Structures are given as C-alpha cells and as structure tokens.
Number of protein chains: 2
Amino acid sequence: MLVCEHASNVFPAPWGDLGLNQDQKCAHIAWDPGALGLARALSKHLDAVLVHAPVSRLVYDCNRAPDRPGAMPARSEIHDIPGNRLISATERGARTAAVYVPFHNGLHALIADRIALGLAPVIVTIHSFTKLYHGQPRAVEFGVIHDADDHLARAILSAAQSKTKLRSELNAPYSAADDVTHTLRLQATPYGLPNAMLEIRNDLIASPDAEQRMADMLAPVLNMGLVEIQKQAKAG
Amino acid sequence: MLVCEHASNVFPAPWGDLGLNQDQKCAHIAWDPGALGLARALSKHLDAVLVHAPVSRLVYDCNRAPDRPGAMPARSEIHDIPGNRLISATERGARTAAVYVPFHNGLHALIADRIALGLAPVIVTIHSFTKLYHGQPRAVEFGVIHDADDHLARAILSAAQSKTKLRSELNAPYSAADDVTHTLRLQATPYGLPNAMLEIRNDLIASPDAEQRMADMLAPVLNMGLVEIQKQAKAG
C-alpha cells in the first residue's frame, strides 16, 4: 500500500490560498512536487493501492497529528503562511475533521480490510524533498526513513545501493526524530505491519517522464526489499 | 474518554444468534455483563464521552485486530460458537467493515477532534470479567491493565488501594501479553495519550444499583489517578 500525504497543492474553499502567491503555492512548502506522479507510476508497477491527500499540506499536513504546529504551519522554511498565523481552536478542529480524519480513517479502512482478508499489507509512504533547504544543497538523492521497526527500510536501502546509482542513505534528509513518521506510527505500527518512508530529491522527478523513469528504477528496488523481508520472516 | 468494546450482547441480522442458545447469549462469552452500565455511570460522574460497541463481541470483538482468531472466535472458554466455525475471508472482511472499522474510525474522529482543540484526552477502557473461569475462582476484584505506557494504570491502582477495599491488582486477571490491549495500542499510543484498561469482576456489578455503587466508588479513584499523572507531568 502506497501513501502520499503531500500529493496536492490544491487550495480549495473555504480555505482558499491562505494569503500565498502563485510561486509559493507551487513550491515545495505547499506539497511534495513529483511525489504523486512517482507514487502513481509505482502503484501500477507494484499493483499497490495508493492513498493520497486531496489538498495542500499547508491547509492540513496529513503526516502530522492535530496538536503539532506542523499540522497547520504558521511558517514553512523561510515563508510565513498568513492564513495559518492565527488559527482558532474551532478552525483547527474544522480542518482536522475535513482533511485529517477522512484521510486516515479511509486509509485505516483499507488496511483493516486487507488484514481481515488474511493479506499482510506493507505500508510505504512516498515523499520528495528539495535540493536546496535554507540555502544549503543536499547531496542525498534517495532517503529511506524508518520508525520503530527498521527492517523494511534497511532492506530497501540495501536494494537501492546494489541496484541503482542513486546516492541513497538511511534516515536522510531527516529522521523519525524530526516527527516525520506520523502515518507509519498511526497506521502500521499498531498492526505490526512492515513499513518505511521514502524520500526522493525533487529535481530527479521534475517532469512526468522523470517520474516514470524513477518509478521504473525504484519498483524493482521495492520488490527486492519485500522479497528480503519475506525471507527474513521465513527464517524466523 | 471511556471506551466499552464489550458493551453489547445484541446479535442483529444478518448474523443472527450464531447458533447460540439463550443462556450463551446472556453469558460473559457474548459480552462483559455490567460494563456498559458502569461505563455510563462513570461517564456522568466524570463528564467523559463514552464510545461503546453496538453488537456482541462474538460477532466482532472490537478489542481485537481483524487477523486475530479472537476477533470472530470459533471457541470461547468452553463454548463452541457454531456461526464462527467456518468463516470465509469475505465474511471476515464484511464483519470487519460493518463493526470494527466504524467503531474505531468513530472513536478516532472523537480523539482527533479533542487533540485538535488543544485538549489532552485520556483513554480508559471498561471491562468486566467472570468470577469463575474454566472452573477456577478468581480472587481479584479490580484489575488495572497497562500497555506500553504504565503511568496512568499505576496511578489508578494506587488510588484504588488507598481509597477502596477492593482487591485491586496490576495486570490482572490478564495482561497486555494476552493481546487484550488492542484499542489502547491503536488509539492512544500513536498520540502519546495516557491510557489504561479497567477490569471489574462482574459479580460486583450484577444489577443497575450495583453498577451505580461501583461507579460512585471508582469515579473518585479515576479522578485521583488523573490528578496524579497531571502532577507527574508538571514535575517533568
């Protein structure tokens, strides 16, 4: 199962553009550029269901719990988000009910169904990150982040390092300590499902063709990682 | 927030009575007798929202994940459950979608709303257990069970021991190792919410009056436990 919490840079009513200009609404602060296209192509390759958010993470970041400042951030990197500067408790509740709860309850229903059917779902979240952050370039191209259970993340990293030339690192460009694994903790950990978070540098998936090429490269990597953890499970 | 997963011994269509007789449908295998009445009385005392299951745990046990045998048990204590003997994957999926998913998604929506509003919800599940189990008497009267986070359970136990004459024990008559803390793991742990599972011996809550007396006794115990963990939180 693939999950893309930062798929969208749509700013629908009643929230509107939150006071952002057109450039800001297209920038990585609003979404993860390329992540949805990559996730869709991976979904086809792997015959995996894909769940993705329908609105910008600046309206509600579905990878953050409702009490975290990052759920409806007043500031992102170097940008103030005017429409998020003074959010009442009522407005926080309304956005949570409109975006966060349906996203996670919908994902939970799909996971519960697969578990009931005797399948053993695996949860992989798909993200992209920007090459420049606060003015500093990032060398890493492919990051694999784990939460409490690291075995799928390590298997994917190992596959990426042996099958691709991507500069691949564990827990880069950030880690669970930076509070980026909320979806994994909420949806995968309670059921003991294997899980990992993937981060692709967004200059490598900057066009539909590039998204497809990255999916062609990463699909066998994910398959190899899945085969490896199945082997480990059999070996007990 | 109070949760009562085993509140009901209703066997509605399309499942019907699963081949059970009237005695079995009223016995503790079908539900936790007294738990709902106690939970309702506690809910009034504490001004706490109460979420309870609408059907027998033999149709679906909302305190079990959909892949566990106990979710739709073919046998409970000494009783075979005929209607659960041969359940197809489709039927498991249908019961999960009809009972488990709405129960937990509804509870999750309430929790997320409270978190968004800046409240700090505490999750307490209310159960009852039978005095005789496989023919052996149980001496414990009040059990407080914890999952990963034990601080609320220990505070409640300590309050019960100082404020009541109930024979009170930690992790009795069973513990998280017996796979009885699914709701706590799914709903409280991902958000870091204080949580505990309470077990009351059902001969002590065998009538509406007895449920009310037990609630009158336990409400101050729960309040004392909550005050204690707030103190601990302030002390850091």
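The values are calculated or read from the model by the stated rules, or taken from the named source; none is laboratory data. The model shown is predicted, which means the values in this text are computed figures rather than measured ones. Cβ atoms come from the backbone with ideal geometry, glycine included; neighbour counts cover every protein chain shown.
Points worth noting:
- Only listed residue being touching a Phe, Trp or Tyr at 6+ places or on another chain (Cβ under 7 Å), away from every other protein chain (no Cβ under 14 Å) and within 27 Å of A:Glu77 (Cβ to Cβ), chosen from A:Pro137, A:Pro173: A:Pro173
- Residues in segment A:27-56 that are under 10 Å from A:Ser8 (Cα atoms) and out of contact with any Asp or Glu (no Cβ under 7 Å at 6 or more places or on another chain): A:Ala30, A:Trp31, A:Asp32, A:Pro33, A:Ala35, A:Leu36, A:His52, A:Pro54, A:Val55, A:Ser56.
- One residue from A:Ala139, A:Ala98 being out of contact with any helix residue (DSSP H, G or I) (no Cβ under 8 Å at 6 or more places or on another chain), assigned to a loop (DSSP other than H, G, I, E, B), farther than 30 Å from B:Pro69 by Cβ and without any contact (Cβ under 8 Å) to a residue 40 or more places away in the chain: A:Ala139
- Taken over segment B:64-96, the criterion of being under 13 Å from A:Ala112 (Cα atoms) and buried (at least 16 other Cβ atoms within 10 Å of the Cβ) is satisfied by B:Arg64, B:Ala65, B:Pro66, B:Asp67, B:Ala71, B:Arg92, B:Gly93, B:Ala94, B:Arg95, B:Thr96.
- Hey, B:Gly34 crowded, with 16+ Cβ neighbours inside 10 Å, farther than 30 Å from A:Leu193 by Cβ, at pLDDT 95 or above and not aliphatic (A, V, I, L, M) or not: yes
- Selection of segment A:185-221 for residues being of a type outside the set (Gly, Ala, Ser) and within 13 Å of A:His151 (Cα to Cα) yields A:Thr189, A:Leu193, A:Pro194, A:Asn195, A:Met197.
- Of all residues in segment B:107-136, those satisfying the criterion of being surrounded by fewer than 22 Cβ atoms within 10 Å (Cβ to Cβ) and free of Cβ contacts under 8 Å to residues at least 24 places away in the same chain are B:Ala109, B:Asp113, B:Leu117, B:Gly118, B:Leu119, B:Leu132, B:Gly135, B:Gln136.
- Test set (1) hydroxyl-bearing (Ser, Thr, Tyr); (2) out of contact with any helix residue (DSSP H, G or I) (no Cβ under 6 Å at 6 or more places or on another chain); (3) within 14 Å of B:Ala35 (Cα to Cα) - B:Ser128 fails condition number: (2)
- Total residues in segment B:176-207 satisfying the condition of being polar (S, T, N, Q) and within 19 Å of B:Gln232 (Cβ to Cβ): the figure is 2.
- Filtered residue count, segment B:182-210, keeping only those that are away from every other protein chain (no Cβ under 14 Å) and among the polar types (S, T, N, Q): 2
- Candidates are the residues of segment A:47-94 that are under 17 Å from A:Gly19 (Cα atoms) and part of a helix (DSSP H, G or I); the one that is nearest to the other protein chains (Cβ to nearest Cβ) is A:Glu91.
- Inter-residue pairs, beta-carbon under 7 Å, first touching a residue at least 60 places away in the same chain (Cβ under 8 Å) and in segment A:64-82, second among the basic types (Lys, Arg), 6+ apart: A:Gly70/A:Arg64; A:Ile81/A:Arg75
- Here B:Glu228, B:Glu211 are screened, and the one residue that is charged (D, E, K, R) and either part of a strand (DSSP E or B) or within 18 Å of the chain's Cα centre (by Cα) (or both) is B:Glu211.
- Of all residues in segment A:105-131, those satisfying the criterion of being more than 7 Å from chain B (Cβ to nearest Cβ) and either of a type in the set (S, T, N, Q) or over 15 Å from A:Val49 (Cβ atoms) (or both) are A:Thr125, A:His127, A:Ser128, A:Phe129, A:Thr130, A:Lys131.
- Test: B:Ala155 is within 21 Å of the chain's Cα centre (by Cα), within 14 Å of chain A (Cβ to nearest Cβ) and either in a loop (DSSP other than H, G, I, E, B) or within 27 Å of A:Thr189 (Cβ to Cβ) (or both): no
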